[in-house]
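Student: To start, I am sharing the structure in question, which I have written as structure tokens.
Bear in mind that the values in this text are calculations on the coordinates, not laboratory data. Owing to the predicted nature of the structure, the values given are computational and were not obtained by experimental measurement. We place every Cβ from the backbone using ideal geometry, glycine too, and count neighbours over all the protein chains shown.
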Amino acid sequence: YVPKETIQSFDYVGKLLARLKANEKIRILIVDDSASARIHLRSMLTRHNFLISEALNGVEALKVLETYNDIKLVVTDNEMPVMTGLQLVPEIRKKYEHQKLAIIAISSSNQSILSARFLKSGADDYLSKPFSAEEFYTRIFRNLEFIEHVEEVQFAVDHDFLTKMHNRRYFFEQSDIILNKMKETDSNAVFAILDLDHFKSVNDTYGHDAGDIILVQTAKRLKQHFPECLTARLGGEEFCILFPNTSSEEAIGRLEFLVHHFENFEFEIPDKSLQVTLSIGMADCSDGHISETMKRADQALYRAKQNGRNQLVE
Ligand code: GH3
Ligand code: MG
Ligand code: MG
Ligand code: MG
Ligand code: MG
């Protein structure tokens with residue numbers, strides 16, 4: 001029996017319900033050599049609609065973790081043949097950090113030292129048997145809630161709030177990784193900077209809210225047109241695209257298409273539709289430094305504006 005207040009005191013339960021409606025179930029891995037223990041844990045967890053995977057020992061648990069990359073929580077016994085819980089936890093931590101995966105150890109051992117050893121080796125929490133349903137759920141929810149909070153914070157750090165596109169910070173971090181990979185494989189990458197034309201007058205004429213709608217719709221179109229590229233909002237009405245494994249000719253073709261697409265596209269704002277054109281500056285990433293490439297793309301963008309906007313310049 002779990003008092004209703006206990007469950008309701010967790011924000012997490014509300015979020016859990018929202019996720020269930022969206023059909024996003026959360027997967028938990030149960031590791032225990034005892035069939036009756038597994039059945040007991042499974043029945044408690046499926047009552048809250050979690051998806052469950054099972055493993056009979058540590059070695060199997062590591063395999064299951066590889067198979068499902070969506071596991072958020074591992075609930076593990078200690079005494080098991082082949083690999084114990086205490087051996088399993090540090091193995092999991094070599095690959096999965098606390099922010100991505102929580103581990104709760106369960107043991108009937110009355111050794112008080114065991115909880116400390118589990119926590120030191122990388123577990124997040126410890127339950128000794130027998131435990132009440134109330135304690136069990138409280139620890140499960142608290143650990144999942146922590147992971148969820150970290151995910152939310154990480155999303156806010158990596159994305160632009162208005163358009164939900166990747167932000168400038170994320171772009172610089174990832175472009176370094178991508179360009180280093182390109183260097184290793186001797187492949188070409190192309191960078192483009194995109195700027196909406198006369199956007200200030202859109203705001204002045206139709207209002208800031210209408211401007212915001214256009215920025216959001218622009219972000220959506222960029223994600224749709226370039227799903228395999230790194231796209232980001234650099235700031236204001238400026239966006240960028242990094243094309244990995246792409247020749248200049250191919251990038252030119254796709255960017256020319258985008259310019260024409262914007263020229264013919266009607267943005268929907270309340271009670272009206274309007275056209276907004278796009279200027280693009282493009283540069284090859286041959287020197288392998290994003291900041292150098294960006295300078296050249298910026299100069300190309302400047303020329304695109306000078307030449308009358310609504311065009312791509314290399
Ligand atoms: P150009 O063709 O030379 O690029 O002209 P422009 O008007 O687009 O460029 P300018 O740099 O003069 O103005 C950019 C405008 O973008 C000004 C600013 O108010 C607007 N802006 C920047 N961020 C946002 C935003 O988040 N929402 C809205 N609605 N407007 C924004
Ligand atoms: Mg056991
Ligand atoms: Mg502009
Ligand atoms: Mg400007
Ligand atoms: Mg601008």
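Student: How many angstrom separate the Cα center of region 39-107 from the Cα center of region 228-278?
Tutor: Taking the Cα centre of each part, region 39-107 and region 228-278 sit 44 Å apart.
Student: Further question: Antiparallel as a % of all DSSP beta bridges within the chain, to the nearest 5?
Tutor: Around 50 percent antiparallel, to the nearest 5.
Student: Another question, if that's okay. When only C-alpha pairs under 8 Å and at least 6 residues apart count, what is the relative contact order of the chain, in percent?
Tutor: 13
Student: I've got another one for you. Past 27 Å, Cα to Cα, is the threshold; run K220/K272; K223/K272; K100/K120; K72/K220 against it and keep the listed order.
Tutor: Checking Cα-Cα distances, K72/K220 exceed 27 Å.
Student: Can I ask one more? Using the Kirkwood formula on the Cα atoms of region 122-179, what hydrodynamic radius do you get, in angstrom to one decimal?
Tutor: One over the average 1/r among Cα pairs gives 14.3 Å for region 122-179.
Student: Among E184, E238, E79, whose mean-square fluctuation peaks in a Gaussian network model of the chain (Cα, cutoff 10 Å)?
Tutor: Judging by the Gaussian network model, the answer is E184.
Student: Would you be so kind as to identify all helices of the chain, as entire DSSP H runs, whose Cα atoms reach 30 Å or more along the helix's own axis and whose mean Kyte-Doolittle hydropathy is at least -1.0?
Tutor: Span-like helices here: 133-158.
Student: Report the percentage of all Cα-Cα pairs in the chain whose separation exceeds 23 Å, rounded to a whole percent.
Tutor: Every Cα pair in the chain considered, those over 23 Å come to 66 percent.
Student: For K200, which aspartates and glutamates qualify as cross-link partners when the Cα separation must be under 16 Å and same-chain residues fewer than eight apart are set aside?
Tutor: Those aspartates and glutamates meeting the cut-off are D209, D212, E237, E238.
Student: When every alpha-carbon pair in region 102-218 is counted, what percent end up more than 25 Å apart?
Tutor: That fraction is 58 percent.
Student: Another question, if that's okay. Could you order the peptides 262-272, 292-302, 92-102 from most to least packed, using the average number of other C-beta atoms within 10 Å per residue?
Tutor: Top to bottom by mean Cβ count within 10 Å: 292-302, 92-102, 262-272.
Student: Could you work out which residue, out of I26, I280, I193, moves most in a Gaussian network model of the chain, that is, has the largest mean-square fluctuation with Cα springs under 10 Å?
Tutor: I26
Student: Same structure, new question: Using the 2.2 N^0.38 Å rule of thumb for compact globular proteins, work out how region 25-158 stacks up: its C-alpha Rg over that value, please.
Tutor: 0.99
Student: Hey, got the dipole for region 206-277? About the Cα centre, +1 on K and R Cβ, -1 on D and E Cβ, debye to the nearest 20?
Tutor: In debye, rounded to 20, region 206-277 gives about 180.
Student: On to the next question. Which log10 I(q)/I(0) values, to two decimals, does region 230-301 give at q = 0.11, 0.12, 0.15, 0.19 Å⁻¹ under the Debye formula with one point per Cα?
Tutor: -0.33, -0.39, -0.59, -0.87
Student: With springs only between Cα atoms under 10 Å, which of D195, D124, D204 fluctuates most in a Gaussian network model of the chain?
Tutor: With Cα springs under 10 Å in the chain, the top fluctuation among D195, D124, D204 is at D204.
Student: By average Cβ neighbour count within 10 Å, what is the ranking of 159-165, 205-211 from highest down?
Tutor: 159-165, 205-211
Student: Dipole of region 269-308 (Lys/Arg Cβ +1, Asp/Glu Cβ -1, origin at the Cα centre): which of L278, N307, M294 lies farthest to the positive side?
Tutor: N307
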